[in-house]
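Written out below as structure tokens is the structure these notes cover.
The values are calculated or read from the model by the stated rules, or taken from the named source; none is laboratory data. Worth saying up front: this structure is predicted, and the values here are computed from it rather than measured. Here the Cβ positions follow ideal geometry from the backbone for every residue, glycine too, while neighbour counts run over all protein chains shown. Side chains are part of the model used for accessible areas, which takes the heavy atoms of the whole protein and leaves out ligands, DNA and RNA. Shrake-Rupley method; radii C 1.70, N 1.55, O 1.52, S 1.80 Å.
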Amino acid sequence: MTRKRRRLILLGGGMTGLAAATAMVLTAFSGNLVFFYGPSELLAKGIGPGRLVRIGGLVEQHSVAHLDGGREVRFRVTDGKTDLPVVYDGVLPDLFREGQGVVAEGKLNGSGVFVASSVLAKHDEKYMPPDVAAALKKAGRWQEGGKPPP
Amino acid sequence: MISRLANPAQFMRVSGAVLPFLAGLAAVVLAVGLVWALVLAPPDYQQGESVRIMFIHVPAAWMALSVYLLMAVASAVALVWRHPLADVAAQAAAPIGAAFTFVCLATGSLWGRPMWGTWWVWDARLTSVLVLFFLYLGYIALVNAFDDASRGARAGALLAVVGVINLPIIKFSVDWWNTLHQPASVFRLGGPTIYISMLLPLLAMALGFALLFAALWLVRMRTALNERKLRALRLHRMAEPRSRPADAAPPGARPAVH
């Protein structure tokens with residue numbers, strides 16, 4: 001009985017210590033564990049031109065413009081507070097459209113435009129049939145890229 | 001109840017009786033779930049038909065996590081209370097959990113290519129699930145790395161318990177950090193964000209996966225126990241060749257001297 005109890009305390013104590021250590025490490029490195037920065041974070045961190053970073057946010061409504069015969073595309077990525085102009089020359093994922101979440105990898109150029117070398121689509125956690133989406137839109141309960149309807 | 005079942009002989013009897021029903025139920029639920037998910041469920045408003053990968057991917061991911069949790073709990077019981085069945089349970093679960101994790105990673109990759117535009121990214125969710133896969137493989141390797149099976153079981157159990165730290169990281173990675181992977185759709189505050197006509201087939205598939213796991217797990221545990229019994233019998237014979245009855249001795253063998 002006492003040996004079992006001792007093993008239990010040892011295991012519990014070890015796991016508590018390990019959990020605490022892991023929590024501290026993850027908190028300390030949380031800046032490196034994010035996959036992308038929002039436009040506000042990018043500005044707040046003072047990440048200047050020339051550094052390879054990933055930015056993420058929603059494609060701002062009415063901001064997508066195709067240039068140069070359709071391959072080069074310009075759009076603005078917004079997090080609701082700040083928005084950032086992005087230029088990209090390449091193949092866009094199928095889900096790319098205005099209001100859609102995107103993650104772009106690239107660098108800021110001298111004039112504050114983000115030159116993307118790759119653009120990935122980020123889809124949200126909502127799943128529904130097309131007719132339900134259409135009905136929600138019709139009823140005006142639709143927020144593109146926003147929080148799910150209550 | 002648990003401690004009564006923890007007796008291997010009792011376990012063999014009960015599991016042998018339960019197994020056919022469990023396997024049959026798993027087959028029926030999986031068949032219904034697959035037709036429901038792949039044929040009857042509606043397409044998604046933005047992902048179209050590709051959303052059907054979810055009905056495999058998400059239950060596989062849930063099983064990858066729950067099987068690991070089960071393995072870790074069994075390992076903790078083995079370490080602390082030295083229950084005779086706990087190590088068997090943990091070791092029998094590991095390859096099945098690894099297979100679910102592989103299915104989760106593979107279907108996620110196949111889904112990511114058309115939807116996100118990439119097979120793989122090193123975001124927190126994807127990376128932590130890959131770590132889970134390696135934990136499973138490391139556990140299997142460690143258990144089998146010792147000549148003395150009980151030492152291997154002890155080392156593996158410790159690894160399984162320590163690795164449990166990874167489970168909350170996987171679950172909450174999408175909330176704690178920016179990831180390409182979207183946040184949880186089902187187990188979240190405020191209820192699921194999957195429409196009911198897609199949620200129900202998803203839950204059916206999850207139940208089917210769970211039943212499939214339970215059936216495979218019992219088969220593997222029973223096999224391991226039979227194997228152990230065989231080995232013990234063989235050792236017993238090798239250790240006491242003279243206790244064999246004389247008529248069972250090979251022809252020409254010298255009669256036992258008393």
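Numerical summary
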| read-out | value |
| --- | --- |
| Leading residue by the ranking (nearest to the chain's Cα centre (by Cα)) among those in the stretch B:80-95 that are part of a helix (DSSP H, G or I) and surrounded by fewer than 22 Cβ atoms within 10 Å (Cβ to Cβ) | B:Pro95 |
| Filter result for A:Val113 (touching a Pro at 6+ places or on another chain (Cβ under 9 Å) and closer than 15 Å to B:Gln47 by Cα) | no |
| Residue tally, condition of a type in the set (S, T, N, Q), under 25 Å from the mean Cα position of the chain (by Cα) and in a helix (DSSP H, G or I), over the stretch B:1-51 | 3 |
| Any hit, the stretch B:169-178, residues being within 9 Å of another protein chain (Cβ to nearest Cβ), over 30 Å from B:Val80 (Cα atoms) and either in a loop (DSSP other than H, G, I, E, B) or among the acidic types (Asp, Glu) (or both) | yes |
| Hits in the stretch B:30-54 (condition: among the charged types (D, E, K, R) and surrounded by 14 or more Cβ atoms within 10 Å (Cβ to Cβ)) | B:Asp44, B:Arg52 |
| Residues located in the stretch B:130-152, provided they are open to solvent by 30 Å² or more (accessible area, probe 1.4 Å), of a type outside the set (Asp, Glu) and out of contact with any Leu (no Cβ under 9 Å at 6 or more places or on another chain) | B:Val131, B:Phe134, B:Leu137, B:Ile140, B:Ala141, B:Asn144, B:Ala145, B:Phe146, B:Ala149, B:Ser150, B:Arg151 |
| Test: residue in the stretch B:94-107 that is β-branched (Val, Ile, Thr), without any contact (Cβ under 8 Å) to a residue 60 or more places away in the chain and within 14 Å of another protein chain (Cβ to nearest Cβ) | no |
| Residues located in the stretch B:109-134, provided they are facing chain A (nearest Cβ under 7 Å) and assigned to a helix (DSSP H, G or I) | B:Pro114, B:Met115, B:Ala124 |
| Pairs, first under 24 Å from B:Trp120 (Cβ atoms) in the stretch A:110-129, second among the hydroxyl-bearing types (Ser, Thr, Tyr) and open to solvent by 30 Å² or more (accessible area, probe 1.4 Å), C-beta under 7 Å, six or more apart | A:Tyr127/B:Tyr195 |
| Evaluation of A:Met24 against (1) touching a Leu at 6+ places or on another chain (Cβ under 8 Å); (2) loosely packed, with under 11 Cβ neighbours inside 10 Å; (3) within 13 Å of another protein chain (Cβ to nearest Cβ) (one fails), failing number | (1) |
| Answer from B:Thr127, B:Thr101 - the residue that is of a type in the set (S, T, N, Q), open to solvent by less than 60 Å² (accessible area, probe 1.4 Å) and within 30 Å of A:Val91 (Cα to Cα) | B:Thr127 |
| Members of the stretch B:179-214 that are of a type in the set (S, T, N, Q) and not in a loop (DSSP other than H, G, I, E, B) | B:Ser197 |
| Residues located in the stretch A:116-130, provided they are more than 8 Å from chain B (Cβ to nearest Cβ) and either closer than 20 Å to B:Tyr45 by Cβ or among the hydrophobic types (A, V, I, L, M, F, W, C) (or both) | A:Ala116 |
| Residue that is among the small types (Gly, Ala, Ser) and either surrounded by fewer than 16 Cβ atoms within 10 Å (Cβ to Cβ) or touching a strand residue (DSSP E or B) at 6+ places or on another chain (Cβ under 7 Å) (or both), where the choices are B:Ala155, B:Ala160 | B:Ala155 |
| The stretch B:183-198, subset within 16 Å of A:Leu136 (Cβ to Cβ) and at the interface with another protein chain (Cβ under 7 Å from one of its Cβ atoms), residue surrounded by the most Cβ atoms within 10 Å (Cβ to Cβ) | B:Met198 |
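Residues checked against (1) surrounded by 13 or more Cβ atoms within 10 Å (Cβ to Cβ); (2) closer than 20 Å to A:Ala121 by Cβ:
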site	(1), (2)
A:Leu10	no, no
A:Phe36	yes, yes
A:Leu43	yes, no
A:Gly48	no, no
A:Arg51	no, no
A:Leu58	yes, yes
A:Gly70	no, yes
A:Val73	yes, yes
